[in-house]
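*Asks:* My questions all concern the structure below.
The values are calculated or read from the model by the stated rules, or taken from the named source; none is laboratory data. From a predicted model like this one, the values you see are computed outputs, not experimental measurements. Glycine gets a Cβ as well: all are built from the backbone with ideal geometry, and neighbour counts include every protein chain shown.
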Amino acid sequence: MSALKEQFKQIKPSNFFFLTLAGIINAVGVTLFLAPEAVNLYDSGFSGTSILLGSLTDNVGLNMSVWLVILNVPFFLFGLKKMGLPFITYSLYTIGVYSLFSYLFQTGFGIVFPDGGSPIAGKDKLLCAIFGGLISGIGSGTTIRFGGAIDGVEVMAVMFSKRMGMTVGTFVMSYNVLFYIVAGVVSKSWEAPLYSVIAYAVGLKAVDFMVDGFDKAKTAFIITDKYDEMASLLSEEFGRGVTKMDAEGYYSKTPKTVLYCVVNRFEVNKLKQIVTSVDPAAFMVINDVTDSLGSSLKFGRRKAVSERRARRSEKMEELKGELKERVLEKKDEEGGGNEDE
């Protein structure tokens, strides 16, 4: 009981504002682009399954929004112990918002679906697939960024993937592939499932964008003989630490020094310029970073760097002033010497 209380304290009320937006955004992408009757495309996971089941059972009052709750809630509650109370709370709240606004967009707000198509993209399935996947991906990514998930398939993957000898990503992909095959068999048409794969691919990229952000970090490994000079310049330029590691060349058996640093995507060109200017023979490898903590990597937030550059500019101005004064004094002295002669 005490453990649940501690977890309850970890829930941030401010997150619910963004989770509300995430649920609404997801509902817009799915109900206004993917789910309209004349388009009949499928989202991924339980969201897509709800679209399919809703189209089959709508005549008995079980539409998509109802199936969203039926499919998702049991898995999230079942995963409470493994996933933690904050995650489950955020997820169930977002799913509730998503389900509510899906219902309102379809029946409550009086939105007109011309000839059963999308109120925005009409019956153009390619446009609906691209923008439906993009918008729903933004909603899903926002949910993940603020501590939850909007699809129970991800929770199911965490709970069962290891038992099946699969990774979480492989489990989710396998579920979606099987779902699209079933959807094609049930609907007796492969056009909608194939367009849905496009929506799924666009949605994945949108999720990555929302989770990782636009200003994605990069790591650089640099092997150089001029490591002290290079480390000093990198630290001065980017305003953060550079790690120096001892290594040994496998074939040459000679000691090497490796520099390790983290920069954002806007700093990569500057990094290359510094490395090549100090040591043209240096070897450098640059990789993507999924996440990072403890360093100011965001574009426009490097206060320390700005302060260093300001101080450096002030010193340069002081040096220029001193040099100018010395030149003037020397001229005065030379002028005075000529008068004495």
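*Asks:* Taking the conditions exactly as written (among the hydroxyl-bearing types (S, T, Y), without any contact (Cβ under 8 Å) to a residue 24 or more places away in the chain and either assigned to a helix (DSSP H, G or I) or buried (at least 24 other Cβ atoms within 10 Å of the Cβ) (or both)), does S47 satisfy them or not?
*Replies:* No; evaluated as a whole, the condition is false for this residue.
*Asks:* Every residue in region 50-71 that is assigned to a loop (DSSP other than H, G, I, E, B) and among the polar types (S, T, N, Q), please.
*Replies:* Result: N63, single match.
*Asks:* Given V285, V275, which one is in contact (Cβ under 8 Å) with a residue 40 or more places away in the chain, more than 22 Å from S140 (Cβ to Cβ) and in contact with a Leu (Cβ under 9 Å, 6 or more places away or on another chain)?
*Replies:* V275
*Asks:* Looking at region 212-246 only, could you name the residues that are among the β-branched types (V, I, T) and surrounded by fewer than 16 Cβ atoms within 10 Å (Cβ to Cβ)?
*Replies:* Result: T219, T243.
*Asks:* Among the residues of region 25-44, write down those that are within 20 Å of S140 (Cβ to Cβ), part of a loop (DSSP other than H, G, I, E, B) and touching a Leu at 6+ places or on another chain (Cβ under 9 Å).
*Replies:* A35, L41, Y42, D43, S44
*Asks:* Out of (1) in contact with a Phe, Trp or Tyr (Cβ under 8 Å, 6 or more places away or on another chain); (2) part of a helix (DSSP H, G or I); (3) at pLDDT 85 or above, what's the single condition that is false for M159?
*Replies:* (3)
*Asks:* Shifting gears a bit: Could you pull out the residue among A192, A183, A149 that is within 19 Å of the chain's Cα centre (by Cα) and not in a strand (DSSP E or B)?
*Replies:* Result of the check over A192, A183, A149: A149.
*Asks:* Looking at region 154-163, can you tell me whether even one residue there is surrounded by fewer than 21 Cβ atoms within 10 Å (Cβ to Cβ), free of Cβ contacts under 8 Å to residues at least 40 places away in the same chain, under 24 Å from W67 (Cα atoms) and in contact with an Asp or Glu (Cβ under 8 Å, 6 or more places away or on another chain)?
*Replies:* Looking for residues that are surrounded by fewer than 21 Cβ atoms within 10 Å (Cβ to Cβ), free of Cβ contacts under 8 Å to residues at least 40 places away in the same chain, under 24 Å from W67 (Cα atoms) and in contact with an Asp or Glu (Cβ under 8 Å, 6 or more places away or on another chain), one finds none in region 154-163, hence no.
*Asks:* Something else now. Restricting attention to region 247-264, which residues are surrounded by fewer than 17 Cβ atoms within 10 Å (Cβ to Cβ) and more than 10 Å from I223 (Cα to Cα)?
*Replies:* Once the filter is applied, which keeps residues that are surrounded by fewer than 17 Cβ atoms within 10 Å (Cβ to Cβ) and more than 10 Å from I223 (Cα to Cα), region 247-264 yields E248, G249, Y250, Y251, S252, K253, T254, P255.
*Asks:* Follow-up. When residues of region 76-91 are filtered for being outside any loop (DSSP other than H, G, I, E, B), touching a residue at least 24 places away in the same chain (Cβ under 8 Å) and surrounded by fewer than 20 Cβ atoms within 10 Å (Cβ to Cβ), how many remain?
*Replies:* The qualifying residues number 5.
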